[in-house]
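Working notes, structure below.
The values are calculated or read from the model by the stated rules, or taken from the named source; none is laboratory data. Nothing here was measured: the structure is a model prediction, and the numbers come from that model. A quick note on method: Cβ atoms are made from the backbone with ideal geometry, for glycine too, and the neighbour counts reach across all protein chains shown.
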Amino acid sequence: MGLKREFENQGNWLFRWRSYFPALFLPLVLLAFVGYHYPFGSYQLHEQWESMCLAISVLGLAIRAGTIAYTPADTSGRNTKEQVAASLNTTGIYSLVRHPLYLGNYLIVLGAILAPGVWWLPVVFTLAFWLYYERIMFAEETFLRNKFGEEFTSWAAATPAFVPRLTGWRPNRLPGCWKNVLKREYTALMMLVLLHTGMEFVEHLVIDRRVVYEPFWVAFLIIGTLTYLALRALKRHTSLLNSAGR
């Protein structure tokens, strides 16, 4: 019982600060760029690798968006002060995996972490992510078990925590609400943009010894930033993105 209580307390504390987890890896990322060079000396291979890394992060964002689009109010979200669950999500993507938002987070950051092309950085990140988030997941599931009892126990027994199963899909109870995605996921979008443009910036500093303004990445940063600012303003100052029950 002592360890369970300790894990729960640690998880609740980490839950409040989980948004800052990627920042812990900044020193390791900079270390990974020491001696950086293009794969086999090929700029074309570098671009292909960057595209694959970006695709992994976009997949993570898509998982988050697809989760948020179908969840009701006061369940999945960016709350940081305390656990919230007005109802238990067990349909849609939650019928395949218990923590789809954290899976999305993992893929968003993993895509950027892979960019330097060193084997040890994604390994260290994956181990640290698991140690960090397993306590958060433990605390969340303790809360859900206490609140929903047998309903949670039955769902958890059939649904993996982090690696999705390939069968057992149950249709979503609610229709998709993409206004809810725009309202709640602009921060994840901005994080993706900053992670990848930051990696590209450092790569060129190391190889070219100067700032290189590639049209794609400049446009990516500008469009991403403007989208973030516009959605943030709409959320804070209007009701355009509000939707009943979401």
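General remarks:
- The residues listed here are T71, T90; of these, the one that is outside any helix (DSSP H, G or I) and buried (at least 20 other Cβ atoms within 10 Å of the Cβ) is T71.
- For the residues T153, T142, the requirement of being hydroxyl-bearing (S, T, Y), at pLDDT below 95 and over 13 Å from the mean Cα position of the chain (by Cα) singles out T142.
- So V202, is it β-branched (V, I, T) and either touching a Lys or Arg at 6+ places or on another chain (Cβ under 8 Å) or farther than 18 Å from L59 by Cβ (or both): yes
- Being in contact with a Phe, Trp or Tyr (Cβ under 8 Å, 6 or more places away or on another chain) and on the phi > 0 side of the Ramachandran plot holds for only one residue in G168, G149, G176, G92, and it is G92.
- Yes/no for L226 being in contact (Cβ under 8 Å) with a residue 60 or more places away in the chain, out of contact with any His (no Cβ under 8 Å at 6 or more places or on another chain) and either within 20 Å of A55 (Cβ to Cβ) or aliphatic (A, V, I, L, M) (or both): no
- The condition (being within 20 Å of A62 (Cα to Cα) and in contact with a Ser or Thr (Cβ under 6 Å, 6 or more places away or on another chain)) is satisfied by just one residue among R246, R232, R173, R184: R173.
- Residue count for segment 210-238 under the criterion of being part of a helix (DSSP H, G or I) and loosely packed, with under 14 Cβ neighbours inside 10 Å: the result is 12.
Residues are listed down the side, and each one gets a yes or a no for (1) within 23 Å of the chain's Cα centre (by Cα); (2) surrounded by 13 or more Cβ atoms within 10 Å (Cβ to Cβ); (3) not hydrophobic (A, V, I, L, M, F, W, C):
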position: K147; (1), (2), (3): no, yes, yes
position: R165; (1), (2), (3): yes, no, yes
position: K183; (1), (2), (3): yes, yes, yes
position: L192; (1), (2), (3): yes, yes, no
position: H204; (1), (2), (3): no, yes, yes
position: L240; (1), (2), (3): no, no, no
position: G245; (1), (2), (3): no, no, yes
